[in-house]
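Structure, as structure tokens:
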Amino acid sequence: MRSALQNMSAVIFTVCLMTLMLFSDAAYAAGEVGAKLEGGGEVPAEETFSVVLTYEGENLREIISEITYDANLLEFRSCSGGEAFEKEAGRLQIQMTAEEEEESPTVCTAKLRFRGITQGEGFVTAEASRITADDGSELTAQTRSMKIIVTEEVEEQPKSSVSDVDNESSQNTDLIQEFFHGLSVTEFEIYCLCLTVILLLLILLAAERRNK
């Protein structure tokens, strides 16, 4: 009897412990916000590219995220979808606020634009320092990071301007006109030569008739 009670107590204790663990995991998942960092990859030097930071969760109100990057490799240009504050070289603070009428789940997105300065490899990292829900509770999100590879600058091919095209067309037209003009003069000269020969022949024939 005592052995049966002990076995039953052990089973009940195990079930209670597993239930507590499940509830604690669920609570942690409910308090965590989804975070994504997209874009980047290989970018040519001197060109501007975008990195998109997104947070998604239930009833979000305000998000403050710290952005770090290699200031020797990249230059920060602008931010849309949130307010950006430059703390120091290579460090930004992005503040995003959800619209009051936005339905749940709330999605907050900020588009950051950088320019590659020189060739090399580095990272852009986003770490949420503060996430606040509608009820004032504090939420968390995982830190996200992406690799940026700045490649050799792409050289642009010179483009022909409208004036260059017009000049080239004009030159071609002048050449064509000169060709036809030269051709017409040659035909006129041949025509005159033929008339001269015919007149000479007629004069010779008339002279022979007179001699007879």
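The values are calculated or read from the model by the stated rules, or taken from the named source; none is laboratory data. In this text, all values refer to a predicted model and were calculated from it rather than measured experimentally. Reconstructed Cβ throughout: ideal geometry from the backbone, glycine too, with neighbour counts over all protein chains shown. Only protein heavy atoms, including side chains, enter the accessible area calculation; ligands, DNA and RNA are left aside. Shrake-Rupley method; radii C 1.70, N 1.55, O 1.52, S 1.80 Å.
For segment 31-50, what are the residues that are of a type in the set (S, T, N, Q) and either outside any strand (DSSP E or B) or open to solvent by 50 Å² or more (accessible area, probe 1.4 Å) (or both)? Full working, then the answer.
The initial filter retains those residues of segment 31-50 that are of a type in the set (S, T, N, Q), namely 48, 50.
Residue satisfying the conditions is Thr48 alone.
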Q: For segment 75-90, state whether one or more residues are of a type in the set (Gly, Ala, Ser) and closer than 15 Å to Gly57 by Cα.
A: no
Filtering segment 81-118 for residues that are under 19 Å from Ile148 (Cβ atoms) and touching a strand residue (DSSP E or B) at 6+ places or on another chain (Cβ under 7 Å) leaves a count of 15
Of the residues in segment 110-121 that are under 23 Å from Ile64 (Cβ atoms) and either of a type in the set (Gly, Ala, Ser) or open to solvent by 60 Å² or more (accessible area, probe 1.4 Å) (or both), the one that is farthest from the chain's Cα centre (by Cα) is Ala110
Looking across segment 53-74 at residues that are in contact (Cβ under 8 Å) with a residue 40 or more places away in the chain and surrounded by fewer than 15 Cβ atoms within 10 Å (Cβ to Cβ), the single one that is farthest from Glu152 (Cα to Cα) is Glu58
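Restricting to segment 97-106, and then to whatever is surrounded by fewer than 16 Cβ atoms within 10 Å (Cβ to Cβ) and among the polar types (S, T, N, Q), can you tell me which residue is nearest to the chain's Cα centre (by Cα)? Step through it out loud before you land on a result.
Step one: of segment 97-106, the residues surrounded by fewer than 16 Cβ atoms within 10 Å (Cβ to Cβ) are 97, 99-105.
Then drop every residue that is not among the polar types (S, T, N, Q), which leaves 97, 104.
Values: Thr97: 25, Ser104: 30 Å.
Per the stated criteria, the residue is Thr97.
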Selection from segment 75-96 of residues assigned to a strand (DSSP E or B) and surrounded by 14 or more Cβ atoms within 10 Å (Cβ to Cβ) yields Glu75, Phe76, Cys79, Ala84, Arg91, Leu92, Gln93, Ile94, Gln95, Met96
Of the residues that make up segment 140-159, is at least one at pLDDT 90 or above, open to solvent by 90 Å² or more (accessible area, probe 1.4 Å) and not in a loop (DSSP other than H, G, I, E, B)?
-> yes
